[in-house]
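> Have a look at the structure that comes next, please.
The values are calculated or read from the model by the stated rules, or taken from the named source; none is laboratory data. All figures in this text were calculated on a predicted structure; none of them were measured in a lab. Counting neighbours? That spans all protein chains shown, and the Cβs are built from the backbone with ideal geometry, glycine included.
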Amino acid sequence: MAINYYLENNKDSLEFVYKNLLLWFKDKQYKVEGTEADGIYLIQAQKVGKIRTVLGTNLAFKVKVYKSNDLTNPPEFVVETSTGKWIQNIAGAGVTAMFFGGLTVLTGLAGAGWALVVENEIITYIEEELKFKKIQKSMNSSELEPLGISIHSSKKENHYKAQNNSARQKAILKADQDLKKLKAALATNILTEEEFAAKKQYVENQIDEYEIEFIIEEKLIRFQEAFTDGILTADEFEAKVHQVEEELRHQVIDQRLEQEKEEVMIKLRAALDNGILTQDEYAQKLALL
């Protein structure tokens, strides 16, 4: 999922972007539906034809256009993209069904590169064709540590390369966004306290999975371009997607285990230095790692 901010050109900017994105998808032979609810514009688009078999018959690209909460002059609006299941009767389902709960960054491995290509094309279209200025928003520590996870003090984050750090930050931010939706559902009595607690725990446990998905998403764009250009067949594309997914999943999991092992070693060393463990006890526990 991506969130991009743009400056409004006039009071009808959101509706203008919404209507033009509907036409953009139709021109590219997508099955597309849209609706507006409480000032929020929703679009879902589904690829038809041969590629649909590869992506999955129920996979849709989602776009949400709404006003930013930031007080700026001129005001800003947000274009939020994600993937998920095609929703029947989008007008009746509304915002909750489209964008709350159950949507991960990717829905099906083969959709990863496709979604990233569509997302980049939309961003370019809004900037270059519709002439809206994109605003760069930096992610600060207050945005990235809502779940009590520090990107500065955590020693294990230093083990990641720049790409993995970026994916980790995106994963934490994604979890924060999911958590905010849960809090809103709790406040409006959609969820009980017990349901909220269970879903909150699930979201917090999903951070590693989100990170893996973001890294996969970044890796797959070159395969998607090759598939779109006819260099790869559908079967070759899907095989490469699965290969990359498996390799990256093992890589991230191995890195995480190594980081956890190092943290345990640091604690054991501290216990030894403070006289909590003897040298023999320290050696025994170290051997078990």
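> Which condition from (1) modelled with pLDDT of 85 or more; (2) surrounded by 13 or more Cβ atoms within 10 Å (Cβ to Cβ); (3) outside any helix (DSSP H, G or I) is the one that A185 breaks?
Going through the list (1) modelled with pLDDT of 85 or more; (2) surrounded by 13 or more Cβ atoms within 10 Å (Cβ to Cβ); (3) outside any helix (DSSP H, G or I), A185 breaks only (3).
> Another question about this same structure. With the requirement that a residue be over 15 Å from D208 (Cα atoms) and exposed (fewer than 15 other Cβ atoms within 10 Å of the Cβ), what does the stretch 248-270 give you?
Filtering the stretch 248-270 down to residues over 15 Å from D208 (Cα atoms) leaves 261-270.
Within the stretch 248-270, K261, E262, E263, V264, M265, I266, K267, R269, A270 qualify.
> I'd like the residue in the stretch 18-45 that is within 22 Å of the chain's Cα centre (by Cα) and not in a strand (DSSP E or B) and, out of all such residues, is farthest from I122 (Cα to Cα).
Ranking the qualifying residues of the stretch 18-45, first place goes to Y18.
> Take the residues of the stretch 1-56 that are β-branched (V, I, T) and surrounded by fewer than 18 Cβ atoms within 10 Å (Cβ to Cβ): which is modelled with the lowest pLDDT? Spell out how you get there, then give the answer.
Pass one, the stretch 1-56, residues β-branched (V, I, T): 3, 17, 32, 35, 40, 43, 48, 51, 53-54.
Right, trim to surrounded by fewer than 18 Cβ atoms within 10 Å (Cβ to Cβ) and you get 3, 48, 51, 53.
Values: I3: 85, V48: 70, I51: 47, T53: 44.
Residue satisfying both the conditions and the ranking: T53.
> Do we find that F132 is touching a strand residue (DSSP E or B) at 6+ places or on another chain (Cβ under 7 Å), at pLDDT 90 or above and outside any loop (DSSP other than H, G, I, E, B) in this structure? Before the answer, list the steps.
Values: touching a strand residue (DSSP E or B) at 6+ places or on another chain (Cβ under 7 Å): yes; at pLDDT 90 or above: yes; outside any loop (DSSP other than H, G, I, E, B): no.
Considered against the rule, which asks whether it is touching a strand residue (DSSP E or B) at 6+ places or on another chain (Cβ under 7 Å), at pLDDT 90 or above and outside any loop (DSSP other than H, G, I, E, B), F132 comes out as no.
> Still on this model: Considering only the stretch 271-289, state which residues are under 30 Å from D208 (Cα atoms) and out of contact with any helix residue (DSSP H, G or I) (no Cβ under 9 Å at 6 or more places or on another chain).
A287, L288
> Does A197 fit the bill of being modelled with pLDDT of 75 or more, of a type in the set (G, A, S), surrounded by fewer than 18 Cβ atoms within 10 Å (Cβ to Cβ) and part of a helix (DSSP H, G or I)? Spell out how you get there, then give the answer.
Values: modelled with pLDDT of 75 or more: yes; of a type in the set (G, A, S): yes; surrounded by fewer than 18 Cβ atoms within 10 Å (Cβ to Cβ): yes; part of a helix (DSSP H, G or I): yes.
Yes, satisfied.
> Picking from V65, V95, which residue would you name as being modelled with pLDDT under 80, out of contact with any His (no Cβ under 6 Å at 6 or more places or on another chain) and β-branched (V, I, T)?
Details: V65 fails: modelled with pLDDT under 80.
Of V65, V95, the one residue that is modelled with pLDDT under 80, out of contact with any His (no Cβ under 6 Å at 6 or more places or on another chain) and β-branched (V, I, T) is V95.
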